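Structure record follows, encoded as structure tokens.
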Amino acid sequence: MRAIVVLLAILTMPSAMPGQQRWERQVQERVQRAVAAVATSSPSAVVKGSGMLNTSEASSFKTTLIQGTSYAIVAVCDDDCSRLQLTLLSPSGSDLAKERNSESLPTLHFTAQATAVYGIRVVMEGCRWNPCWYAIAVVPLSKLPS
Amino acid sequence: MASLKRWVLVGVGACVALALAYLPPRGAKPSGREVLFLAQSRRGTPARQRAQAVADEWRAADGSLRLLRARRQLQELLREASAGTRGSSLVVVSESADVAIATPPLADSAIHVAWRQLGLGETKVKVAVIIQWATLSAARDRPLSEEGSYAYLAPDSTDRTTCIAVVSLVRYWTRVFARDPRVRVQVPFDVVVQSLKAGLGPCAFYAAYGTPGKSVRGWLVSRGWDLALTLDAGARGRQANSLFGMADPRYGWYWEAIYSLPPTAVACLASRPEGCRAAVLAGASDDPVIPVPDIVSMDRRWWTRVPRLVEGGRFLGDVARAVGRDRFLSFWTSPLPVDTALAAALKRPVGEWTADWQRDFVEPIRLGPVPPLGGVTIALLIAALAVAVVAITASRRQVR
């Protein structure tokens, strides 16, 4: 089963776009590998965001999470990034969960108590060659029996 | 009484000797040599000054507009370049009188060689160079463009990964690149490469080390990137980039060149670490302000600007070479104040390192009150004479 997931992940991986920079390709490949590693069934995750940040800069995204579903939220960054902080925000904007210990591959696990639009904030805490590319993915893991 | 007269005569004689030594003779005429006022130029009439000021404003606005227009136009070109020339993040375009033209092969080749010599290949920040060729017939509906001026648009004012450099070539270089037969002297290819390498200016730093941290960037912006004019200035002493670099201590205008510099630069020339530190860290602030759009304009003609530090344009390039890439990157992206970050990268106080660096270019000068050699000689002779007179007088008055 795991082999099939990895194969599917590879097949769904976008080929390197012409004109795409090396670092951008790097994070796209990494996020696909991370999704393949955390997904338990089909890798139906949607990469919710990617971009570049200089040291100490932050970026936020909105995503709708479904009530009763468990999610893994994964962030990856390029080789020059040394620390990335990932925070899940409630619909009202307060911090729900924060991951800042796993350096360049922070991951959050969360089960939504209600269907709503949540926020995800990424902070580039350490980048030795600015800007650093990053990508985040929200991976639905399982839906709790209702 | 006779003894008193003798003493009076000795005193008057000494005064006459001093007067002869120090006072100019009556009716003395000036030597006729022109005094060179380096820091001043002739001022025009008020109307002329006003016209110049308006022309300068027009040029600044036109330069900014050109950069912002290029920001839009270059995107497609950059995408094509990235797809076509894998491994290089440099794009070169040319224009003459606002019309795009093909870049002459010599210029295109030279700038790509410069890019490789700087050790740049595929970089996080791409560089788009717009070479503006001087036009031989000037348009009459606008001020003459400032030849030899350079402008840069920082990546944060484009798509965050592209630095734009606009290089306005002077007529001489335009003729060199166009292989104009009027240029009789063959310019060596490495001189052309060096010239275009310098033209990359701050964009070369962005390409090599990425976007600097806020404190370093604010510091450089506040002083017009004068410490980072070129990433690789070549061998030391190869060319004089300042008035001081051309000055010769054997001539009188040497000191005029020195005193046209700011006091901190003069102190640094005298190897005073506190002066060097002040010259380097001027503009550093705890709360740096970065303008939007972030446009850097500079005039590389050394005779039009007064450097804050002699050979300062190569300072950060030399720091980078001295400390190595990793330590320089730590400084470049550091959130710490510039003073702390630079001292950490250098592993020495900034003033001391800079004083040593400065000594590599110029022999340290002596500052402070120093008596002239002639004055000292005369004073010693008078003192010796006085001692001799006293000794002789004393020996004659001995009671036997």
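Residue by residue, here is whether (1) at pLDDT 75 or above; (2) part of a helix (DSSP H, G or I); (3) on the phi > 0 side of the Ramachandran plot holds:
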position	(1), (2), (3)
B:Leu36	no, no, no
B:Gln75	no, yes, no
B:His112	yes, yes, no
B:Arg116	yes, yes, no
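Name the residues in region B:333-348 that are within 24 Å of A:Met124 (Cβ to Cβ) and not in a helix (DSSP H, G or I), would you?
Within region B:333-348, B:Thr333, B:Ser334, B:Pro335, B:Leu336, B:Pro337 qualify.
Conditions (1) crowded, with 17+ Cβ neighbours inside 10 Å; (2) among the charged types (D, E, K, R); (3) within 12 Å of B:Thr354 (Cβ to Cβ), marked per residue:
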{"site": "B:Glu256", "(1), (2), (3)": "no, yes, no"}
{"site": "B:Ser260", "(1), (2), (3)": "yes, no, no"}
{"site": "B:Ala265", "(1), (2), (3)": "yes, no, yes"}
{"site": "B:Ser271", "(1), (2), (3)": "yes, no, yes"}
{"site": "B:Asp286", "(1), (2), (3)": "no, yes, no"}
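Yes or no: region B:353-364 includes at least one residue that is within 14 Å of chain A (Cβ to nearest Cβ) and of a type outside the set (Val, Ile, Thr).
No, because not a single residue in region B:353-364 is within 14 Å of chain A (Cβ to nearest Cβ) and of a type outside the set (Val, Ile, Thr).
Being closer than 23 Å to B:Tyr206 by Cα and away from chain A (no Cβ under 14 Å) is true for just one of B:Val306, B:Val266, B:Val338. Which residue is that?
Within the list B:Val306, B:Val266, B:Val338, the selection yields B:Val338.
May I ask you to verify whether A:Leu84 is within 14 Å of chain B (Cβ to nearest Cβ), under 28 Å from A:Arg128 (Cβ atoms) and at pLDDT 90 or above?
Judged against the criteria, A:Leu84 is not a match.
Filter the helices (runs of 4 or more DSSP H) completely within region B:162-212 down to those with at least 2 residues that are in contact with a strand residue (DSSP E or B) (Cβ under 7 Å, 6 or more places away or on another chain) and within 14 Å of chain A (Cβ to nearest Cβ).
B:201-209
Among the residues of region B:364-400, write down those that are touching a residue at least 12 places away in the same chain (Cβ under 8 Å), loosely packed, with under 12 Cβ neighbours inside 10 Å and within 32 Å of the chain's Cα centre (by Cα).
The one that is touching a residue at least 12 places away in the same chain (Cβ under 8 Å), loosely packed, with under 12 Cβ neighbours inside 10 Å and within 32 Å of the chain's Cα centre (by Cα): B:Arg366.
So, in region B:312-329, how many residues would count as being surrounded by fewer than 16 Cβ atoms within 10 Å (Cβ to Cβ), part of a helix (DSSP H, G or I) and within 14 Å of another protein chain (Cβ to nearest Cβ)?
Number satisfying all stated conditions: 2.
Can you pull out every residue in region B:95-136 that is basic (Lys, Arg) and within 14 Å of chain A (Cβ to nearest Cβ)?
Result: B:Lys124, B:Lys126.
What residue, among those in region B:213-236 that are within 12 Å of chain A (Cβ to nearest Cβ) and either charged (D, E, K, R) or closer than 14 Å to B:Asp156 by Cβ (or both), is surrounded by the fewest Cβ atoms within 10 Å (Cβ to Cβ)?
If we take residues in region B:213-236 being within 12 Å of chain A (Cβ to nearest Cβ) and either charged (D, E, K, R) or closer than 14 Å to B:Asp156 by Cβ (or both), then B:Lys214 is surrounded by the fewest Cβ atoms within 10 Å (Cβ to Cβ).
Among B:Arg321, B:Arg327, B:Arg397, B:Arg348, which is the only one that is touching a helix residue (DSSP H, G or I) at 6+ places or on another chain (Cβ under 9 Å), under 30 Å from B:Val12 (Cα atoms), not assigned by TED's automatic domain parsing to the domain that holds B:Pro202 and not aliphatic (A, V, I, L, M)?
Residue meeting the stated conditions: B:Arg397.
Has region A:116-127 got any residue that is at pLDDT below 90, out of contact with any Phe, Trp or Tyr (no Cβ under 9 Å at 6 or more places or on another chain) and away from chain B (no Cβ under 14 Å)?
No; the residues of region A:116-127 include none that is at pLDDT below 90, out of contact with any Phe, Trp or Tyr (no Cβ under 9 Å at 6 or more places or on another chain) and away from chain B (no Cβ under 14 Å).
The values are calculated or read from the model by the stated rules, or taken from the named source; none is laboratory data. Model, not experiment: these values are computed from the prediction. Neighbour counts are summed over all protein chains in view; Cβ atoms, including those assigned to glycine, are modelled from backbone coordinates with ideal geometry.
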